[in-house]
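Q: Before I ask anything, here is the structure I am working with.
The values are calculated or read from the model by the stated rules, or taken from the named source; none is laboratory data. Computed from a predicted structure; not experimentally measured. Don't worry about glycine lacking a Cβ; one is built from the backbone with ideal geometry, like all the others, and counts go over all protein chains shown.
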Amino acid sequence: MLKKYRTLWLTADEPSLLEIVDQRYLPHEIRTQVLKNVSDTAAALRDMQVRGAPLIGVAAAFGMYLAALENPSDAFLHQSACELKASRPTAVNLAWAVDLQLEHLLPLKPDQRIQAALNYAIKLGDDDVEQCRRIGEHGLQIIQEIEKNKNKLEPMLEPINIMTHCNAGWLACLDWGTATSPMYHAHESGLNIHVWVSETRPRNQGASLTAWELSEAKVPHTVVPDNACGHLMQKGLVDLVIVGSDRSTASGDVCNKIGTYLKALAAKANNIPFYAALPSSTIDWTMDDGLKEIPIEQRDAKEVTHIQGLVGSELKEVQLTPKASPVKNFGFDVTPRDLVTGIITERGVCQASREGLAALFPEDAIEEETLHE
Ligand code: MRU
């Protein structure tokens, strides 16, 4: 089974090659692809062969290693950094990982850079796995608390219904996932959970990737159309929402896959706790107002006009919309902090606020007054 792998790895006998799971074909086909250089890596990011904020960051860090292998000069590393950063604008992990690599490599002599880039990419990947594991441990406590209150008379009589959006699972990271990590921890600890997976139009990361992950792990789940989620909340069928994030501001605004904001609004209206699970690499400490400041990726109209699926045993794409109808395809939206019950990080759960995040990560927080100087 694929799960014994992470989402990317170096080829066993050829450590100058990076391999990825090409996520465009899941859940129907498990295809892997070899990335030979930095341009291959940028293309894999742009075309969403690898996707999800933490994975984008680690893949870009390995992309910088491939760049150093190609040519470890200052000029080429700078050029490669720009190429990688231009591939996707919203997830801050991308620029974060590339800039860390540059900071780490440029002071070294060119002949030392290849090994240093490799070591650093491996470290960022290992850190991500550990951060996601810890997010799971902290999120588990929230689920345990809900279980205690929901099943007072008979433990685990009713399942804890958790809703999620997009794929913030191990496929979006190196392992565990962010939003899914508390779910995997809860399932492994024997709690009775059930996950509502919203399909996540237009690319359907929920229906294809999250549903696949959960079924591989045998976590009870049900896929629903995005527009059913408010109804499920009104009917008392959701105990908790957990989503991931691509960039969160220092003040606690959460940017995630388009459609997240509508879930947060419906959760607020129905008194349902709404959490964002994210590693600190997803926090953009330089930003305050998510709506005004976070760049929102606009993607190819074809993701809206067409849909991919299995016809018999063949993957095919079919047109959905009239050829003449114009479409817009915003990839992400911003959920303002007052709709977020809490943020689950590797260091614990905090309020979605400047104070909450700064208390957990005092070394990263920038004073508000100096932010826009
Ligand atoms: O466009 P994608 O598939 O890269 O978007 C992914 C998401 O929005 C995830 O929810 C987010 O990256 C968190 S991943 C742990």
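Q: Return only the number of the condition from (1) at pLDDT 95 or above; (2) among the aliphatic types (A, V, I, L, M); (3) closer than 27 Å to PRO27 by Cα; (4) away from the ligand (no atom under 16 Å from the Cβ) that LEU310 does not satisfy.
A: If we test LEU310 against (1) at pLDDT 95 or above; (2) among the aliphatic types (A, V, I, L, M); (3) closer than 27 Å to PRO27 by Cα; (4) away from the ligand (no atom under 16 Å from the Cβ), just (1) comes out false.
Q: Kindly provide the set of residues from region 38-59 that are surrounded by fewer than 18 Cβ atoms within 10 Å (Cβ to Cβ) and of a type in the set (S, T, N, Q), ordered by number.
A: Listed by number, the list holds a single entry, SER39.
Q: Considering only residues that are within 16 Å of the ligand (Cβ to nearest atom) and farther than 13 Å from ALA186 by Cβ, look in region 149-169 and name the one that is surrounded by the fewest Cβ atoms within 10 Å (Cβ to Cβ).
A: In this case the residue turns out to be MET163.
Q: I've got another one for you. ARG88 is checked against (1) within 16 Å of the ligand (Cβ to nearest atom); (2) touching a strand residue (DSSP E or B) at 6+ places or on another chain (Cβ under 8 Å); (3) farther than 14 Å from LEU278 by Cα and fails just one. What number does that condition carry?
A: (2)
Q: Also, quick follow-up: Which residues, taken from region 1-23, are over 20 Å from ALA217 (Cα atoms) and either of a type in the set (Val, Ile, Thr) or surrounded by 15 or more Cβ atoms within 10 Å (Cβ to Cβ) (or both)?
A: TRP9, LEU10, THR11, LEU17, LEU18, GLU19, ILE20, listed by residue number.
Q: Of the residues LYS302, LYS323, which is in contact with a strand residue (DSSP E or B) (Cβ under 9 Å, 6 or more places away or on another chain) and more than 26 Å from ASP128 (Cβ to Cβ)?
A: LYS302
Quick grid of which residues meet (1) of a type in the set (Lys, Arg); (2) in contact with a Ser or Thr (Cβ under 7 Å, 6 or more places away or on another chain); (3) in a helix (DSSP H, G or I):
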site: TRP9; (1), (2), (3): no, no, no
site: LEU17; (1), (2), (3): no, yes, no
site: ARG24; (1), (2), (3): yes, no, yes
site: THR41; (1), (2), (3): no, no, yes
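Q: OK, next. Which ranges mark the strands (runs of 3 or more DSSP E) fully within region 314-370 that have 3 or more residues being of a type outside the set (A, V, I, L, M, F, W, C)?
A: 314-319
Q: With small (Gly, Ala, Ser), in contact (Cβ under 8 Å) with a residue 60 or more places away in the chain and assigned by TED's automatic domain parsing to the domain that holds THR305 as the only criterion, which of ALA211, ALA207 stands out?
A: ALA211
Q: Let me ask you something else. Contact list please: Cβ distance under 6 Å, first residue in region 112-133 and among the basic types (Lys, Arg), second residue part of a helix (DSSP H, G or I), pairs at least six apart or on different chains.
A: Cβ pairs passing all conditions: ARG113/ALA68; ARG113/LEU105.
Q: Still on this structure: Quick check on GLN298: is it at pLDDT 95 or above and more than 29 Å from VAL238 (Cβ to Cβ)?
A: Here the answer is yes, as GLN298 does meet what is asked.
Q: Here's a check for you: in region 114-148, which residue that is among the β-branched types (Val, Ile, Thr) and within 16 Å of the ligand (Cβ to nearest atom) is surrounded by the most Cβ atoms within 10 Å (Cβ to Cβ)?
A: Applying the filter and picking the extreme gives ILE135.
Q: Of all residues in region 176-194, which are near the ligand (Cβ under 10 Å from one of its atoms), part of a loop (DSSP other than H, G, I, E, B) and of a type outside the set (A, V, I, L, M)?
A: The answer is TRP176, GLY177, THR178.
Q: Does ALA68 satisfy the criteria of being more than 23 Å from the chain's Cα centre (by Cα) and surrounded by 15 or more Cβ atoms within 10 Å (Cβ to Cβ)?
A: Yes: the conditions hold for ALA68.
Q: Which condition number in (1) part of a strand (DSSP E or B); (2) more than 16 Å from the ligand (Cβ to nearest atom) is the one that VAL197 fails?
A: So the condition that VAL197 fails would be (2).
Q: Now for a different question. Looking for something near the ligand (Cβ under 10 Å from one of its atoms), under 28 Å from GLN49 (Cβ atoms) and part of a loop (DSSP other than H, G, I, E, B) - is there at least one such residue anywhere in region 216-230?
A: There is no residue in region 216-230 that is near the ligand (Cβ under 10 Å from one of its atoms), under 28 Å from GLN49 (Cβ atoms) and part of a loop (DSSP other than H, G, I, E, B).
Q: Out of GLY348, GLY356, which single residue is at positive phi and at pLDDT 95 or above?
A: GLY348
Q: When region 319-352 is examined, which residues are found to be buried (at least 18 other Cβ atoms within 10 Å of the Cβ), over 24 Å from GLU297 (Cα atoms) and more than 16 Å from the ligand (Cβ to nearest atom)?
A: Scanning region 319-352 gives THR341, GLY342, VAL349, CYS350.
Q: Going by the structure shown, is ALA168 over 29 Å from ASP226 (Cβ atoms) and of a type outside the set (Val, Ile, Thr)?
A: Here the answer is no, as ALA168 does not meet what is asked.
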